[in-house]
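**Student:** Sharing a structure with you now.
No value in this document is a laboratory result; all are computed from the given coordinates. What you see is a predicted model, and the numbers here were worked out from it, not measured in a lab. Glycine also receives a Cβ, built like all others from the backbone with ideal geometry; neighbour counts cover every protein chain displayed.
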Amino acid sequence: MFPSSFSLLSLFLAMRGKYSFREPLLIDDNGLYITAAQMQFFLNRQEGHEKFKSGDQEFMHYYKNCCLYNLIYDMMENNPDCGKMYWDEQKESVGISFPVKGEVSQALSHVSIQFEGEEDEDEDYEDSFGLWQ
């Protein structure tokens, strides 16, 4: 599911400065992606390069969050009524709301199947993104 760290990093370094903010850095076989800007944001973190190169769980979690965000963002560009994104003051992060039986819910169900089996040892992963609470 995840592109190798080496291929993502080499692509990123080769294309640095040639991407727009929303342009995908690399699209995986499922059509999920992280943008060049999102990748740069992670690499700018303390130990970001090392965590990326080693496939650290922090990077993997970030990568999955970016893929989910981009999936929903793109869906909302095509159909603004399929969901809403907003700033959640309490969690200090982007919040998402959507109908339980809607387009976004169906897409996330499909993606969660793709992510299954690639998780860390987190026993609570079944809903580690908090999507179904």
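**Student:** Give me the one-decimal nm value for the distance between modelled label points at GLN40 and ARG22, 7 Å along each residue's Cα-to-Cβ direction.
**Tutor:** So the label points at GLN40 and ARG22 sit 1.7 nm apart.
**Student:** So, counting K/R as plus one and D/E as minus one, what does the shell of residues with Cβ under 11 Å around PHE42 add up to?
**Tutor:** -1
**Student:** For HIS49 and MET85 in the same chain, what is the full-extension length gain: residue separation times 0.36 nm, less their Cα-Cα distance, in nm?
**Tutor:** Extra length from HIS49 to MET85 when fully extended: 10.0 nm.
**Student:** In addition: Given labels modelled 7 Å from the Cα in the Cβ direction, how far is it in nm from ASN65 to ILE113?
**Tutor:** 2.7
**Student:** Non-local amide H neighbours of LEU26 (under 5 Å, H modeled in plane, Pro and chain starts lacking H): which ones?
**Tutor:** For LEU26, the qualifying residues are ILE34.
**Student:** So what are the ³J(HN,Hα) numbers for the range 87-100, from phi and the Karplus equation (6.51, -1.76, 1.60; θ = phi - 60°), rounded to whole Hz, Gly and Pro as x?
**Tutor:** Going residue by residue, I get 8, 8, 4, 5, 8, 6, 7, 6, x, 10, 10, 6, x, 4 Hz, with x marking Gly and Pro.
**Student:** Are there trypsin sites (Lys or Arg not before Pro) in the range 49-100 that DSSP puts in a loop and that have at most 10 other Cβ atoms within 10 Å, and which ones?
**Tutor:** LYS91
**Student:** Something else now. In nm, give the distance between the simple-model label positions of SER93 and SER105, each being 7 Å from the Cα along the Cα-to-Cβ direction.
**Tutor:** My value for the distance between the label points is 2.2 nm.
**Student:** Let's test the formula: R0 of 35 Å, r as the Cβ-Cβ distance of GLU58 and ASN78. What FRET efficiency results, to the nearest 0.05?
**Tutor:** Calculated value: 0.65.
**Student:** Follow-up. Can you run phi through the Karplus equation (6.51, -1.76, 1.60; θ = phi - 60°) for the range 68-82 and list ³J(HN,Hα) in whole Hz, with x for Gly and Pro?
**Tutor:** Whole-Hz 3J(HN,Hα) from phi for the range 68-82: 5, 4, 5, 4, 5, 4, 5, 5, 5, 5, 7, 9, x, 8, 6.
**Student:** Spelling out what I want: for every residue of the range 40-45, take phi, set θ = phi - 60°, compute 6.51 cos²θ - 1.76 cosθ + 1.60 (Karplus), and round to whole Hz; glycine and proline get x.
**Tutor:** Whole-Hz 3J(HN,Hα) from phi for the range 40-45: 4, 4, 5, 5, 6, 5.
**Student:** Under a cut-off of 28 Å between alpha-carbon atoms, report the lysines in cross-link reach of LYS101, not counting same-chain residues fewer than 8 places apart.
**Tutor:** LYS64, LYS84, LYS91
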